[in-house]
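Worksheet: one structure, shown below.
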Amino acid sequence: MGIHIGIEHRTTYRFDRPVQVHPHVLRLRPAPHCRTPILAYSLRVTPSEHFVNWQQDPFGNFMARLVFPEPTKVLDFTVDLVADLTVINPFDFFVEESAKAFPFEYEPQLANDLEPYLRPDGKAGPLLTKWLSGVRTPTAGTPIADFLVALNRRLYDDIAYSIRMEPGVQPPEETLSRGIGSCRDTGWLLVDALRRLGLAARFASGYLVQLTSDQPSLSGADGPSADFTDLHAWAEVFI
């Protein structure tokens with residue numbers, strides 16, 4: 001049995017006069033393929049006079065479409081969920097025989113389905129081209145899991161981490177030029193790099209939860225000194 005945690009995610013807007021709120025679409029519900037078990041989920045919306053329709057986009061993500069018939073001075077979205085932080089083996093997945101080593105090609109029908117996730121972000125800049133040149137040749141024939149671990153390790157070694165409060169995501173060329181970025185910056189760099197290497201990848205977002213340990217670590221660094229939760233972003237690759 002894992003540790004059960006509760007997360008509250010609230011976004012509030014206050015206006016100095018009643019305003020007419022146009023329809024909103026919220027993407028604040030865990031994806032169906034989420035590997036962390038979600039034991040409970042609720043969405044509370046203010047004003048209470050509203051209409052909500054749950055839908056799924058073409059990629060399977062849940063969307064709440066909200067319509068507000070009357071003007072309001074307060075607009076509030078509050079998500080509450082309970083997650084089971086059970087231990088998950090990140091390498092417990094099945095790989096088709098044709099995809100066991102890098103590089104490989106997806107079957108034609110599968111490649112058609114994955115086309116949006118194989119499309120790179122425009123033309124690669126010189127820094128990204130140079131960074132990828134050190135990845136392709138030396139790793140030919142590498143088991144796919146080993147290749148992905150090595151690629152993540154290289155990104156970890158080359159790009160420092162920072163908490164960046166400015167909106168938006170840095171282009172891969174800027175992240176490589178600065179040598180530093182937030183999780184969303186390195187996540188998008190990894191997505192773009194994977195796509196240029198022929199692997200279907202997508203950007204994902206959610207929550208980072210780190211809890212204090214009950215006992216000091218016997219080897220290696222101790223964990224955080226206090227429970228910590230924040231928004232987080234990462235990359236997913238289809239193999």
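The values are calculated or read from the model by the stated rules, or taken from the named source; none is laboratory data. Just so you know, these numbers come straight off a predicted model, no measurement behind them. Reconstructed Cβ throughout: ideal geometry from the backbone, glycine too, with neighbour counts over all protein chains shown. The accessibility values were calculated without ligands, DNA or RNA, using every heavy atom of the protein model including side chains. Shrake-Rupley method; radii C 1.70, N 1.55, O 1.52, S 1.80 Å.
Structure notes:
- Set A226, A160, A145, A140: member being of a type in the set (G, A, S) and under 30 Å from D80 (Cα atoms): A226
- Within segment 174-183, the only residue that satisfies the criterion of being assigned to a helix (DSSP H, G or I), crowded, with 19+ Cβ neighbours inside 10 Å and not hydrophobic (A, V, I, L, M, F, W, C) is T175.
- Pairs where the first residue, in segment 72-98, is under 27 Å from E8 (Cβ atoms) and aliphatic (A, V, I, L, M) and the second is open to solvent by 60 Å² or more (accessible area, probe 1.4 Å) and outside any strand (DSSP E or B), C-beta under 7 Å, 6+ apart: I88/R35
- Residue list for segment 64-95, restricted to those being in a strand (DSSP E or B) and surrounded by 15 or more Cβ atoms within 10 Å (Cβ to Cβ): A64, L66, T72, L75, F77, T78, V79, L81, A83
- Residue within segment 102-120 that is part of a loop (DSSP other than H, G, I, E, B) and of a type in the set (F, W, Y) present: yes
- Whichever residue in segment 176-208 is within 29 Å of D227 (Cα to Cα) and polar (S, T, N, Q) and, among such residues, is nearest to the chain's Cα centre (by Cα): S205
- For segment 82-94, a residue qualifies if it is at pLDDT 90 or above and either under 24 Å from A140 (Cα atoms) or β-branched (V, I, T) (or both), and exactly one does: V82.
- Evaluation of D146 against the conditions (1) open to solvent by 60 Å² or more (accessible area, probe 1.4 Å); (2) farther than 23 Å from P90 by Cα; (3) in contact with a strand residue (DSSP E or B) (Cβ under 9 Å, 6 or more places away or on another chain) shows that the sole unmet condition is (2).
- Meets criteria (under 17 Å from A235 (Cβ atoms) and open to solvent by 70 Å² or more (accessible area, probe 1.4 Å)) for P120: no
- For R44, the criteria (1) open to solvent by less than 80 Å² (accessible area, probe 1.4 Å); (2) closer than 30 Å to R202 by Cβ hold in every case but one, which is (1).
- Restricted to segment 1-63, the set of strands (runs of 3 or more DSSP E) holding at least 3 residues that are within 25 Å of L114 (Cα to Cα) and modelled with pLDDT under 95 is empty.
- Test set (1) more than 24 Å from K100 (Cβ to Cβ); (2) aromatic (F, W, Y); (3) over 18 Å from the mean Cα position of the chain (by Cα) - F147 fails condition number: (1)
- Test: residue in segment 141-160 that is without any contact (Cβ under 8 Å) to a residue 24 or more places away in the chain, closer than 27 Å to R29 by Cβ and not polar (S, T, N, Q): no
- The residues in segment 96-106 that are open to solvent by 90 Å² or more (accessible area, probe 1.4 Å) and closer than 16 Å to L197 by Cα can be counted, and the count is 2.
- Criterion (out of contact with any His (no Cβ under 8 Å at 6 or more places or on another chain), open to solvent by 80 Å² or more (accessible area, probe 1.4 Å) and at pLDDT below 95) met by exactly one of S205, S133, S219, S213: S219
- Residues that are open to solvent by 100 Å² or more (accessible area, probe 1.4 Å) and of a type in the set (S, T, Y) within segment 1-22 comprise just one, Y13.
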